[in-house]
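S.K.: Got a structure for you, written out below as structure tokens; questions coming shortly.
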Amino acid sequence: MAAVATQPLVDVRADFPVLQRTFDGKPVVFLDSAATAQKPVQVIDAMSAYYRTSNSNVHRGVYALAREATDLFEGARKRVAAFAGADPATTIFTGNASGAINLVAYSWGRTNLGPGDVVVVTHMEHHSNIVPWQLVCAERGARLRYLSTSETGELSLDELDEVLDGGSVKLVAVAHVSNVLGTLNPVEEIAARARTAGAVTLVDGAQAMPQMPVDIDRLGADFYAWTAHKALGPTGIGVLHGRRELLETMPPFIAGGHMISRVDLESSSWNELPWKFEAGTSPIAEAVGLGAAVDYLRAVGMDRVRAHERELTAYALERLAEVDDIRIFGPLDAERRGGVVSFAIDGIHAHDIAEICDREAVCIRAGHHCAQPLMRTLGVAATARASFHVYNSRDDVDALVSALQAARKVFEL
Amino acid sequence: MAAVATQPLVDVRADFPVLQRTFDGKPVVFLDSAATAQKPVQVIDAMSAYYRTSNSNVHRGVYALAREATDLFEGARKRVAAFAGADPATTIFTGNASGAINLVAYSWGRTNLGPGDVVVVTHMEHHSNIVPWQLVCAERGARLRYLSTSETGELSLDELDEVLDGGSVKLVAVAHVSNVLGTLNPVEEIAARARTAGAVTLVDGAQAMPQMPVDIDRLGADFYAWTAHKALGPTGIGVLHGRRELLETMPPFIAGGHMISRVDLESSSWNELPWKFEAGTSPIAEAVGLGAAVDYLRAVGMDRVRAHERELTAYALERLAEVDDIRIFGPLDAERRGGVVSFAIDGIHAHDIAEICDREAVCIRAGHHCAQPLMRTLGVAATARASFHVYNSRDDVDALVSALQAARKVFEL
Amino acid sequence: MDALYRDYILEHYKNPRNFGELEPHDLDFHDHNPLCGDELGVHIVVEDGKVADLRFHGQGCAISQAAASITSEELIGMPVAEVERLGADWVIDQLGIDISPTRRKCALLSLKVMRGATTGDASWPD
Amino acid sequence: MDALYRDYILEHYKNPRNFGELEPHDLDFHDHNPLCGDELGVHIVVEDGKVADLRFHGQGCAISQAAASITSEELIGMPVAEVERLGADWVIDQLGIDISPTRRKCALLSLKVMRGATTGDASWPD
Ligand SMILES: Cc1ncc(COP(=O)(O)O)c(C=O)c1O
Ligand SMILES: Cc1ncc(COP(=O)(O)O)c(C=O)c1O
């Protein structure tokens, strides 16, 4: 890790065209990768090349162009599955992480939840891992229970055990890394305990997969959802990995072309996995782009990505602490968190912090971060949030801290 | 139309990079636009430019890059809505046309259909406009009824009236243009009769919007679904236009970030239209690409596109009739059909026809075209299908006819 | 001087006028800005068809708090029927600063809440 | 000569051996190729643990029909236990032509149906 600290991964910056931009002569400092990451030319060019030379609909096509497109599409699925430690047959492409979680809520949830059953989520979940469960619980008469977060933004396994001991828990849905607190949750342990209690686990990996090595097979969760656009890939595609035994017995979700085996007038039968859950024309170019993104991440090395995030987060935690009246949320140890840091400054609303940062071309996010229940737990309406990826450096953190000092001046603090 | 016939729209060919390809020295003849269209450089470059210079998550972002991305995304929505004669607030982005139809089946269908109610579809529907209705009818105890197709592949308004007179019809779901027969259905008339009978109408415009002027406001359908990738746009994005009064009372479908107004622990409230139906990160670059595609189509002029399709279809119907033992499906008058022609040759299976066409780099599709019920009506397992867009010319049709003659030779007919 | 965070904006933000609750009150309304989660409520006492007194409460950024504070001074004494006719321009005039599209909802939240209390119409002012 | 549509392939396609129905029969199975909609069924008569007789029926392309026809001649007389061990390579050997990935399911549909009838395993042969 020391090697990484003295030699940050700055050599990749040139791969990211957006980072060459300036606003009012100031080079952009992009610290909002938790919202969406920037894309390397390798990803952008792979999609352009697909459209320029191989574009065709996939599957079923007899002609060479269609075979080429199919190979590119299904080849990307294989690489994406390998990247995540999963099987291509249980690697389903959706529209985004929200689509992946909804697939489970609708297909698994509506057939497996009933009155009295309990779905467990946590106070730190993203709305995409709360609202689908609210809806399916309301429909099925099941109950939604929240695990609380500690002062340092961490879950308690004891509380989990208590809830599981209560019985009736059918599903535990938990973020791998919180998009607000940065907390790296012990999902392997959570999945193991849920399994022992007879519950299945869904891990929302939207913030984890992009920035750390994840091996779904080892992790042991039944469902794992993530999204390409935060992992240096394109918009328009998300991923759901599922346990084969579950996927096989689950009814389809989105119905239409391609997910069927046979359509009769009254009813239909379904295609094999993974296609049973992919209706209509797939996000083909997007899969190609995501394939290029995981190739890129593998080439950098996910261990190095993780080390870089950790180092930068540690530096950010240290430098941000210099700002007066600041409150930093989440674990204070970079070892136990991902590359995202939320904070508040007493006397300046997050919105105003972001506005003044923008004047220095420092891009941070302000708001509830699609985590309103967590905001209420933290006792704030909004936080400011800086988040990192491979293209960030200590200089970016320094630029942020200067902008925060400038904000304090504007607000005469 | 005479002017178009003698001066085809060949001037746009250079905009489509795939068409420069050769296979075994033979220039590609792409006749599978009904599966997915080729994309002009203007569309490919718009998406690359988005990723290279403006990439950011949309909405909520305070910084300049996020404002830019939001303006590009919402600006695209406005142009897409205008292209279709619809209101941006009722123009919802989905993953594809299947996703758009499923949105209606799940959200409108599950709240409006009950035992004894009838959903009307037709024998010529694509699986994406059949299977979602099978599922929701099965769930809600409603009944699915099919309108038949005539010898020339057309619907009968008398049969529609009869079915509507039977009462209990809650929804009529019908293709604007059949993806197999090419039939251009009288959707304005169908929607009017359905409305009089108290039923709502969903038009599957996947094949219509790409190739003819469509004014949804005038058409009067309650829901209209289409997909970008057939309209010279990217994969990964579809569109649902809906009547505001219906959309406003419908519950959300996919739940998650962004589609909410407020999330409490037990329940939530929803964002305004159109965002109520758009959960999680949108297909942002895809919307930008679709915006560029509708700009491109508008520049060519949808009346010219339609005239071109009609002229080419008429020419194809004429030339294909020269092939011995051929059966051509659908209306024989190009005026009453879109730019797609399905056929069978006695003694050669469609799959083999497509294989031999591929040897001449002629790309056609063979199979059930996601319309198995229609295949059974036609008494075939599969058809061969050629389909056109702006970049096709009479030469392409000639190449197809030569390849078919070659196929007959191979099969010693 | 800062073009957005002018002295009087910061002054109103730090010491908002007419903030708090008002019990009893005749009208009230509560709403939020879905973009950032800011919440704002209002209590109004009506006398002779006029806004006799009001209090805003909630959390927000400098723009939304200053807008509430500055306009509150104008709103007190105004006929209720007049409140219903106020539009976005009026608030932005009162603020006296340029408002970017991103901050527009911040500026308008207080008027939205006022109109919600007086007319029941909770849409965003144009 | 055509590398794919060889004389004997076309001959089997046009005049398929052992096509039709077989009544009564001991085993049957019916399946389809989801890619193109082709349907194929089989009726089998078993005697002394062997395929005493069989008939295929359905529609399909030259490759799938020829594969059914050519292999039918080998399958008649074969011990049922042996049928269960047959794999994709066996069919492709019997066909004697190169099969592209796109046409693979065409070539394998008849074996899939045979295995469905004899073992109940309806997965695609590897
Ligand atoms: C008539 C029709 N409806 C629906 C669809 C489905 O469109 P998508 O694949 O974009 O979901 C298609 C295309 O495949 C179609 O031709
Ligand atoms: C933790 C978490 N879960 C889910 C999501 C939703 O991802 P998407 O917007 O791709 O649906 C996000 C990102 O917004 C996230 O940070």
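The values are calculated or read from the model by the stated rules, or taken from the named source; none is laboratory data. Values in this document were obtained by computation on a predicted structure and should not be read as measured data. Here the Cβ positions follow ideal geometry from the backbone for every residue, glycine too, while neighbour counts run over all protein chains shown.
S.K.: Whether any residue in the range B:319-327 is outside the structural domain of B:Asp215 (by TED's automatic domain parsing), surrounded by fewer than 19 Cβ atoms within 10 Å (Cβ to Cβ) and on the phi > 0 side of the Ramachandran plot is what I want to check.
M.R.: Yes.
S.K.: Now for a separate question. Can you pull out the residues in the range A:115-143 that are touching a helix residue (DSSP H, G or I) at 6+ places or on another chain (Cβ under 6 Å), over 25 Å from A:Val340 (Cβ atoms) and part of a strand (DSSP E or B)?
M.R.: A:Val119, the sole residue that qualifies.
S.K.: Any residue at all in the range A:194-203 that's within 12 Å of chain B (Cβ to nearest Cβ) and under 24 Å from B:Thr281 (Cβ atoms)?
M.R.: no
S.K.: Same structure, new question: Pick from the range A:156-178 the residues that are within 24 Å of A:Ser98 (Cβ to Cβ) and more than 14 Å from ligand 2 (Cβ to nearest atom): which of them is surrounded by the most Cβ atoms within 10 Å (Cβ to Cβ)?
M.R.: The qualifying residue surrounded by the most Cβ atoms within 10 Å (Cβ to Cβ) is A:Val172.
S.K.: A further question follows. Determine whether the range B:261-271 contains at least one residue that is within 16 Å of ligand 1 (Cβ to nearest atom) and either within 21 Å of B:Asn112 (Cβ to Cβ) or surrounded by fewer than 24 Cβ atoms within 10 Å (Cβ to Cβ) (or both).
M.R.: No: zero hits.
S.K.: Could you go through the range B:16-23 and let me know if any residue there is assigned by TED's automatic domain parsing to the domain that holds B:Ala175 and of a type in the set (Lys, Arg).
M.R.: Checked against the condition, which is being assigned by TED's automatic domain parsing to the domain that holds B:Ala175 and of a type in the set (Lys, Arg), the range B:16-23 yields no hits at all.
S.K.: Give the residues of the range D:55-71 that are more than 14 Å from chain B (Cβ to nearest Cβ), of a type outside the set (Lys, Arg) and under 13 Å from D:Gly41 (Cβ atoms), sorted by residue number.
M.R.: Of everything in the range D:55-71, just one residue is more than 14 Å from chain B (Cβ to nearest Cβ), of a type outside the set (Lys, Arg) and under 13 Å from D:Gly41 (Cβ atoms), namely D:Phe56.
S.K.: Considering only residues of the range A:57-94 that are assigned to a loop (DSSP other than H, G, I, E, B) and at negative phi, which is farthest from the other protein chains (Cβ to nearest Cβ)?
M.R.: Looking only at the range A:57-94, we keep the residues that are assigned to a loop (DSSP other than H, G, I, E, B), and these are A:57-63, A:85-87.
With at negative phi added as a condition, the list becomes A:57-58, A:61-63, A:86-87.
Working: A:Asn57: 4, A:Val58: 9, A:Gly61: 7, A:Val62: 4, A:Tyr63: 4, A:Ala86: 21, A:Asp87: 16 Å.
This residue is A:Ala86.
S.K.: Which of the following residues is more than 9 Å from chain A (Cβ to nearest Cβ) and touching a Leu at 6+ places or on another chain (Cβ under 6 Å): B:Val340, B:Val294, B:Val323, B:Val305? Full working, then the answer.
M.R.: Working: B:Val340 fails: touching a Leu at 6+ places or on another chain (Cβ under 6 Å); B:Val294 fails: touching a Leu at 6+ places or on another chain (Cβ under 6 Å); B:Val305 fails: touching a Leu at 6+ places or on another chain (Cβ under 6 Å).
After applying the criteria, what remains is B:Val323.
S.K.: Please give the number of the condition B:Ala138 fails out of (1) buried (at least 20 other Cβ atoms within 10 Å of the Cβ); (2) within 13 Å of chain A (Cβ to nearest Cβ); (3) more than 16 Å from ligand 1 (Cβ to nearest atom); (4) among the aliphatic types (A, V, I, L, M).
M.R.: The number of the failed condition is (1).
S.K.: Could you list, in sequence order, the residues of the range B:110-132 that are surrounded by 24 or more Cβ atoms within 10 Å (Cβ to Cβ) and polar (S, T, N, Q)?
M.R.: The answer is B:Thr122, B:Ser128, B:Asn129.
S.K.: Name the residue, out of B:Val263, B:Val203, that is within 16 Å of ligand 2 (Cβ to nearest atom) and in contact with a helix residue (DSSP H, G or I) (Cβ under 6 Å, 6 or more places away or on another chain). Quick ask: steps written out before the conclusion?
M.R.: Working: B:Val203 fails: within 16 Å of ligand 2 (Cβ to nearest atom).
Criteria check complete, one pass: B:Val263.
S.K.: When the range A:220-257 is examined, which residues are found to be away from ligand 2 (no atom under 16 Å from the Cβ) and farther than 22 Å from B:Val119 by Cβ?
M.R.: Answer for the range A:220-257, where residues must be away from ligand 2 (no atom under 16 Å from the Cβ) and farther than 22 Å from B:Val119 by Cβ: A:Gly220, A:Asp222, A:Gly242, A:Arg243, A:Arg244, A:Glu245, A:Leu246, A:Leu247, A:Glu248, A:Thr249, A:Met250.
S.K.: Could you tell me whether the range A:40-60 includes any residue that is over 21 Å from B:Arg21 (Cβ atoms), polar (S, T, N, Q) and at pLDDT 95 or above?
M.R.: Yes, there is a match, as at least one residue in the range A:40-60 is over 21 Å from B:Arg21 (Cβ atoms), polar (S, T, N, Q) and at pLDDT 95 or above.
S.K.: Look at B:Thr22 and say whether it is within 9 Å of another protein chain (Cβ to nearest Cβ) and either surrounded by fewer than 24 Cβ atoms within 10 Å (Cβ to Cβ) or not small (Gly, Ala, Ser) (or both).
M.R.: no
S.K.: Could you run through the range B:106-130 and say how many residues are among the polar types (S, T, N, Q) and more than 16 Å from ligand 1 (Cβ to nearest atom)?
M.R.: So the count comes out to 3.
S.K.: Taking A:Asp11 as meeting all but one of (1) surrounded by fewer than 17 Cβ atoms within 10 Å (Cβ to Cβ); (2) of a type outside the set (A, V, I, L, M); (3) within 16 Å of ligand 1 (Cβ to nearest atom), write down the number of the exception.
M.R.: (3)
S.K.: How many of the residues making up the range D:18-41 are in contact with a Phe, Trp or Tyr (Cβ under 9 Å, 6 or more places away or on another chain) and either surrounded by fewer than 20 Cβ atoms within 10 Å (Cβ to Cβ) or hydroxyl-bearing (Ser, Thr, Tyr) (or both)?
M.R.: Counting residues in the range D:18-41 that are in contact with a Phe, Trp or Tyr (Cβ under 9 Å, 6 or more places away or on another chain) and either surrounded by fewer than 20 Cβ atoms within 10 Å (Cβ to Cβ) or hydroxyl-bearing (Ser, Thr, Tyr) (or both) gives 4.
S.K.: Another question, if that's okay. Can you tell me which residues in the range B:218-260 are within 7 Å of another protein chain (Cβ to nearest Cβ), within 13 Å of ligand 1 (Cβ to nearest atom) and of a type outside the set (Val, Ile, Thr)?
M.R.: Correct list: B:His229, B:Pro234, B:Gly236.
S.K.: Also, quick follow-up: Of the residues in the range A:206-215, how many are more than 10 Å from ligand 2 (Cβ to nearest atom) and polar (S, T, N, Q)?
M.R.: Residues flagged as more than 10 Å from ligand 2 (Cβ to nearest atom) and polar (S, T, N, Q) within the range A:206-215 amount to 1.
S.K.: Counting just the residues of the range A:357-392 that are surrounded by fewer than 24 Cβ atoms within 10 Å (Cβ to Cβ) and of a type in the set (Val, Ile, Thr), which one comes out nearest to ligand 1 (Cβ to nearest atom)?
M.R.: Only one residue tops the list, namely A:Thr377.
S.K.: Oh, and also: Of everything in the range A:370-392, what is part of a loop (DSSP other than H, G, I, E, B), more than 9 Å from every other protein chain (Cβ to nearest Cβ) and in contact (Cβ under 8 Å) with a residue 12 or more places away in the chain? Give them in sequence order. Show your work before the answer.
M.R.: In the first step, residues of the range A:370-392 are kept if they are part of a loop (DSSP other than H, G, I, E, B); the result is A:370-371, A:379-382, A:388-392.
Keeping just the survivors that are more than 9 Å from every other protein chain (Cβ to nearest Cβ) gives A:379, A:388-392.
Passing the criteria: A:Phe388, A:His389, A:Val390, A:Tyr391, A:Asn392.
S.K.: Determine whether B:Ala66 is closer than 23 Å to B:Glu311 by Cα and either surrounded by 24 or more Cβ atoms within 10 Å (Cβ to Cβ) or modelled with pLDDT under 95 (or both).
M.R.: In short, no.
S.K.: Criterion first (more than 16 Å from ligand 1 (Cβ to nearest atom), at pLDDT below 95, farther than 30 Å from A:Cys137 by Cβ and surrounded by fewer than 21 Cβ atoms within 10 Å (Cβ to Cβ)) does A:Ala82 satisfy it?
M.R.: Here the answer is no, as A:Ala82 does not meet what is asked.
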